[in-house]
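The values are calculated or read from the model by the stated rules, or taken from the named source; none is laboratory data. Quick caveat: nothing in here was measured; it's all calculated off a predicted structure. Here the Cβ is made from the backbone with ideal geometry for all residues, glycine too, and neighbour counts use every protein chain on show. Note: areas computed on protein heavy atoms with side chains; ligands, DNA, RNA excluded. Shrake-Rupley method; radii C 1.70, N 1.55, O 1.52, S 1.80 Å.
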Amino acid sequence: QVQLVESGGGLVQPGGSLRLSCAASVSSFSLYAMAWYRQAPGKERELVATITNGGTTAKGRFTISRDNAKNTVYLQLNSLKPEDTAVYFCNAKLFSKNYWGQGTQVTVSS
């Protein structure tokens, strides 16, 4: 059974940083397109960053990376703002396969 397990969330002050991790229990991890989404209370889930063999995309203060040897994708969050408060979800896609993690809470508050 495929599992995506996120970690690294928590409470951080405005201007701070966090690094989120997503460990994937999938074979051929390097073939998967990986992404991070977030969902704030009362809002729709939104795409934050993607990483594929073709490159990466990410919102301005964030950086996505992956370690295929560890089956892990990371999201570096810098210069955090209160509006970045949300549950952050990891996503893995390969053809018709589409998997989600359970999410990790990021709260930005003084």
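Shown here are the Rg and Dmax of the Cα trace of the chain, at 13.3, 42 Å.
In order along the stretch 24-33, the Karplus-derived 3J(HN,Hα) couplings, from 6.51 cos²θ - 1.76 cosθ + 1.60 at θ = phi - 60°, round to 10, 9, 10, 7, 6, 3, 4, 7, 7, 7 Hz, and Gly and Pro are given as x. Ranked from largest to smallest solvent-accessible area, with a 1.4 Å probe on the protein heavy atoms, 100, 36 come out as 100, 36. Taking the Cα centre of the chain as reference, the dipole from Cβ charges on Lys and Arg (+1) and Asp and Glu (-1) amounts to some 120 debye.
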